[in-house]
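Colleague: Below are the structure tokens for one structure; questions will follow.
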Number of protein chains: 2
Amino acid sequence: MTQSFHAIVPAGGAGTRLWPLSRRGEPKFLHDLTGTGRTLLQATVDRLAPLADGVVVVTGERHVEAVAAQLPTVPPANLLVEPSPRDSMAAIGLAAAVLTRRHPGEDIVVGSFAADHVITDQAAFAAAVRTAVATAAEDYVVTLGIRASEPSTAFGYIHVGAALAAGAHQVRSFTEKPDAETAAEYVAAGDYRWNAGMFVVRAQVLLDHLARLQPTLAQGLARIADAWDAPERDEVLSRVWPGLTRIAIDHAIAEPVAAEGGVAVVPTDLDWDDVGDWRSLAHLIDPGEDGVRVLGESDAVLALDSGGALAVPASGRRVVLLGVPDAVVVDTPDALLVTTAAHAQQVKAVVDRLTGEGGALI
Amino acid sequence: MTQSFHAIVPAGGAGTRLWPLSRRGEPKFLHDLTGTGRTLLQATVDRLAPLADGVVVVTGERHVEAVAAQLPTVPPANLLVEPSPRDSMAAIGLAAAVLTRRHPGEDIVVGSFAADHVITDQAAFAAAVRTAVATAAEDYVVTLGIRASEPSTAFGYIHVGAALAAGAHQVRSFTEKPDAETAAEYVAAGDYRWNAGMFVVRAQVLLDHLARLQPTLAQGLARIADAWDAPERDEVLSRVWPGLTRIAIDHAIAEPVAAEGGVAVVPTDLDWDDVGDWRSLAHLIDPGEDGVRVLGESDAVLALDSGGALAVPASGRRVVLLGVPDAVVVDTPDALLVTTAAHAQQVKAVVDRLTGEGGALI
């Protein structure tokens with residue numbers, strides 16, 4: 001049987017902690033957040049295209065035009081448009097179900113990779129994905145386990161178990177974002193890894209788990225996938241999609257299957273970041289001679305006595321920092337944020353406040 | 001002889017420490033910096049009009065249109081336009097010389113008052129000016145001496161001497177902005193007052209001092225004043241003005257005449273501020289419920305955990321402060337400044353840097 005590997009890139013989620021650069025209408029995956037000239041989405045596809053037989057992007061109606069414009073090499077048929085957000089299980093399950101129908105008689109392995117993460121070490125990533133694909137052939141749901149370089153409370157953790165063949169280990173369990181004490185214990189223990197939310201699995205194994213664990217969702221997705229490349233797609237979508245169960249793939253598949261011993265982890269030391277907030281983003285940008293990290297046109301920023309600050313000049317205006325080494329300054333055409341790296345996680349509270357006011361700026 | 005009192009308002013100076021709100025093209029006196037609905041220039045004229053028989057404003061060609069628009073009650077003939085800046089002695093001397101020619105046979109007292117200072121206690125101001133006018137009748141050059149409520153290093157000081165009649169004292173000497181130690185000594189000594197740069201004097205006394213101490217400047221101003229209300233004004237101005245000595249009234253008149261015993265001071269407790277920088281401005285604005293001082297539309301600012309900050313939303317954009325209680329954020333359509341009150345005096349260094357770059361934003 002022909003074997004193939006297809007990458008699935010769910011491109012959704014606003015990234016509210018990166019407000020005001022990231023908006024519902026222009027979420028973080030559409031931005032070049034590392035100053036490389038490529039958006040996070042483009043970099044994700046750049047990373048996957050050499051490794052996969054195809055890349056499928058699942059996105060919302062609101063973003064499909066921008067996604068298509070950013071990804072001219074992805075065939076239009078590989079942009080799957082969701083009528084409304086139904087969380088990651090529906091997005092990934094839909095893509096897997098459509099792929100099995102498009103490639104009958106092939107043994108398809110799928111891998112899901114978020115559109116808004118940053119990975120700088122392509123060789124290590126490629127090696128880890130290849131190991132994951134080989135491990136998936138053994139009918140495991142396979143995830144990548146990132147070396148926990150610090151006791152972060154911003155990530156979930158994977159408890160790593162016994163070694164399997166081919167550089168993979170059994171997963172004992174997944175744990176949610178821990179408190180600081182627990183995170184420190186995990187890092188000290190040495191057998192915990194960060195969960196980057198990347199899953200590699202045979203499409204049929206995924207769909208079989210889904211049919212068993214979330215049967216109504218599986219049935220809905222099957223009905224939609226049957227109609228996807230047919231004239232009745234819109235009719236079936238509009239009828240079935242709104243009723244699909246909203247659940248993350250972690251809860252629907254990864255956690256229960258791990259409890260059954262069916263999940264493997266490929267430990268990897270690659271540099272990975274989910275760019276979850278401004279503090280996280282700052283780590284990805286090299287400081288200039290003045291010690292200031294600038295995302296965008298560095299000539300737009302004049303900084304005095306502000307080494308350590310992060311500036312995002314995205315409005316075309318001149319940004320001047322004077323004596324504010326802790327500042328995070330994000331300057332967009334209609335909104336300005338002045339905060340500090342220490343308050344990065346609280347930006348969500350700002351967005352919540354603005355939402356309560358009507359939300360024109362979110 | 002008929003007696004009259006005329007206020008002279010030199011309206012020049014960019015106020016570079018209030019960049020980016022204050023610019024060469026739109027200096028601080030043209031702005032409402034206290035949220036009262038009146039610009040500093042308008043408030044200055046509002047304050048003087050009830051006390052004086054006339055108000056004369058001396059300004060530059062670049063600003064005369066804006067000044068005229070802001071001051072519809074000042075007759076056009078009372079807006080004296082300088083072809084180029086020649087410091088305060090030329091501006092005040094010109095106004096005094098023109099006034100003596102326009103009011104022959106009158107005993108004119110003139111008072112000069114900067115266009116960009118803030119005084120909130122009108123009754124105390126009026127009382128001090130009346131005392132100063134009465135003292136000026138005795139041929140003194142009279143200045144107001146503001147109670148030194150703290151050992152500020154941002155102001156010059158007046159060393160107060162023996163009491164004269166009518167609530168005035170002799171001035172022993174003027175001192176430049178002192179260092180912190182000296183300022184503390186002055187405040188502890190009790191016989192020092194802040195010099196607010198307000199001078200009240202008989203026009204003829206002023207012109208006589210000038211003729212004696214700065215004869216070439218006096219002659220040049222006399223020639224220009226002779227031509228001011230005549231067809232040859234422009235011709236004489238273009239020939240004589242560029243050669244006028246550039247000197248401040250403090251150095252030309254106040255200091256040397258004080259050394260001769262010819263300067264008096266009227267001590268006053270009025271609230272006065274020269275709004276010299278952002279820290280100074282912050283003191284003039286009442287904080288909102290969130291502890292943030294907003295100059296402008298307070299609805300434009302959303303602040304969390306930032307009590308004590310100063311925000312100037314002057315671009316129409318939303319300004320969000322998160323966890324920055326020390327911040328000074330000045331948001332204008334083409335430039336943004338993020339600094340702290342402690343760095344207020346260093347804003348001039350920013351402007352110098354921008355000047356070196358070509359100065360499009362200054």
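The values are calculated or read from the model by the stated rules, or taken from the named source; none is laboratory data. Predicted, not measured: the structure shown is a model, and the values here were computed from it. Ideal geometry is used to build each Cβ from the backbone, glycine not excepted, and the neighbour counts take in all protein chains shown.
Colleague: Checking A:T34 against (1) part of a loop (DSSP other than H, G, I, E, B); (2) buried (at least 24 other Cβ atoms within 10 Å of the Cβ), which test does it fail?
Modeller: All conditions are met except number (2).
Colleague: Next question, about the same structure. Conditions first: (1) under 15 Å from A:A11 (Cβ atoms); (2) touching a residue at least 60 places away in the same chain (Cβ under 8 Å); (3) of a type in the set (V, I, T). A:V142 passes all but one, so which condition is the exception?
Modeller: (1)
Results for (1) crowded, with 19+ Cβ neighbours inside 10 Å; (2) under 24 Å from the mean Cα position of the chain (by Cα); (3) in the same structural domain as A:A123 (by TED's automatic domain parsing), shown as yes or no for each residue.
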{"position": "A:E289", "(1), (2), (3)": "no, no, no"}
{"position": "A:L295", "(1), (2), (3)": "yes, yes, no"}
{"position": "A:D305", "(1), (2), (3)": "no, no, no"}
{"position": "A:A309", "(1), (2), (3)": "yes, no, no"}
{"position": "A:P333", "(1), (2), (3)": "no, no, no"}
{"position": "A:A341", "(1), (2), (3)": "yes, yes, no"}
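Colleague: Considering only residues that are within 23 Å of A:R86 (Cα to Cα) and away from chain B (no Cβ under 14 Å), which ones fall in the stretch A:1-21?
Modeller: If the condition is that a residue be within 23 Å of A:R86 (Cα to Cα) and away from chain B (no Cβ under 14 Å), then A:H6, A:A7, A:I8, A:V9, A:P10, A:A11, A:G12, A:G13, A:A14, A:G15 are the ones that fit.
Colleague: Looking at this structure, is A:V257 buried (at least 21 other Cβ atoms within 10 Å of the Cβ) and either more than 11 Å from chain B (Cβ to nearest Cβ) or in contact with a Leu (Cβ under 9 Å, 6 or more places away or on another chain) (or both)?
Modeller: Numbers: buried (at least 21 other Cβ atoms within 10 Å of the Cβ): no; either more than 11 Å from chain B (Cβ to nearest Cβ) or in contact with a Leu (Cβ under 9 Å, 6 or more places away or on another chain) (or both): yes.
So A:V257 does not fit the description; no.
Colleague: When A:E289 is evaluated against the numbered criteria (1) within 12 Å of another protein chain (Cβ to nearest Cβ); (2) over 30 Å from A:A124 (Cβ atoms), which criterion, by number, is the only one it fails?
Modeller: The failed condition is (1).
Colleague: If a residue must be farther than 20 Å from B:E82 by Cβ and either in contact with a strand residue (DSSP E or B) (Cβ under 8 Å, 6 or more places away or on another chain) or of a type in the set (K, R) (or both), how many such residues does the stretch B:49-69 contain?
Modeller: 4
Colleague: May I ask you to list pairs of residues, at least six apart or on different chains, whose Cβ atoms are under 8 Å apart, with the first in the stretch B:313-327 being more than 8 Å from chain A (Cβ to nearest Cβ) and the second being surrounded by 24 or more Cβ atoms within 10 Å (Cβ to Cβ) and in a loop (DSSP other than H, G, I, E, B)?
Modeller: Once the first residue is more than 8 Å from chain A (Cβ to nearest Cβ) and sits in the stretch B:313-327, its partners that are surrounded by 24 or more Cβ atoms within 10 Å (Cβ to Cβ) and in a loop (DSSP other than H, G, I, E, B) give B:P325/B:S306; B:P325/B:A309; B:D326/B:A309.
Colleague: Among the residues that make up the stretch A:275-285, is at least one of them under 28 Å from A:F125 (Cα atoms), away from chain B (no Cβ under 12 Å), without any contact (Cβ under 8 Å) to a residue 40 or more places away in the chain and buried (at least 21 other Cβ atoms within 10 Å of the Cβ)?
Modeller: Scanning the stretch A:275-285, I find no residue that is under 28 Å from A:F125 (Cα atoms), away from chain B (no Cβ under 12 Å), without any contact (Cβ under 8 Å) to a residue 40 or more places away in the chain and buried (at least 21 other Cβ atoms within 10 Å of the Cβ), so the answer is no.
Colleague: While we're looking at this one, here's another question. Provide a single number: the residues in the stretch B:205-231 that are charged (D, E, K, R) and in contact (Cβ under 8 Å) with a residue 24 or more places away in the chain. Full working, then the answer.
Modeller: Taking the stretch B:205-231 first, the residues charged (D, E, K, R) are B:208, B:212, B:223, B:226, B:229.
Among the residues that remain, those that are also in contact (Cβ under 8 Å) with a residue 24 or more places away in the chain are: B:226, B:229.
So the answer is 2.
Colleague: Test A:A303 against the stated conditions and say whether it is touching a Phe, Trp or Tyr at 6+ places or on another chain (Cβ under 9 Å) and touching a residue at least 12 places away in the same chain (Cβ under 8 Å).
Modeller: It is false that A:A303 is touching a Phe, Trp or Tyr at 6+ places or on another chain (Cβ under 9 Å) and touching a residue at least 12 places away in the same chain (Cβ under 8 Å).
Colleague: What are the residues in the stretch B:78-128 that are over 20 Å from the mean Cα position of the chain (by Cα) and either farther than 17 Å from B:P10 by Cβ or in a strand (DSSP E or B) (or both), if any?
Modeller: Across the stretch B:78-128, the qualifying residues are B:T100, B:R101, B:R102, B:H103, B:P104, B:G105, B:E106, B:D107, B:I108.
Colleague: Let me ask you something else. Tell me which residues, restricted to the stretch A:328-357, are of a type in the set (S, T, Y) and within 7 Å of another protein chain (Cβ to nearest Cβ). Don't jump to the end; show me each part of the working.
Modeller: Going residue by residue through the stretch A:328-357, those that are of a type in the set (S, T, Y) are A:332, A:339-340, A:355.
Across the stretch A:328-357, the qualifying residues are A:T339, A:T340.
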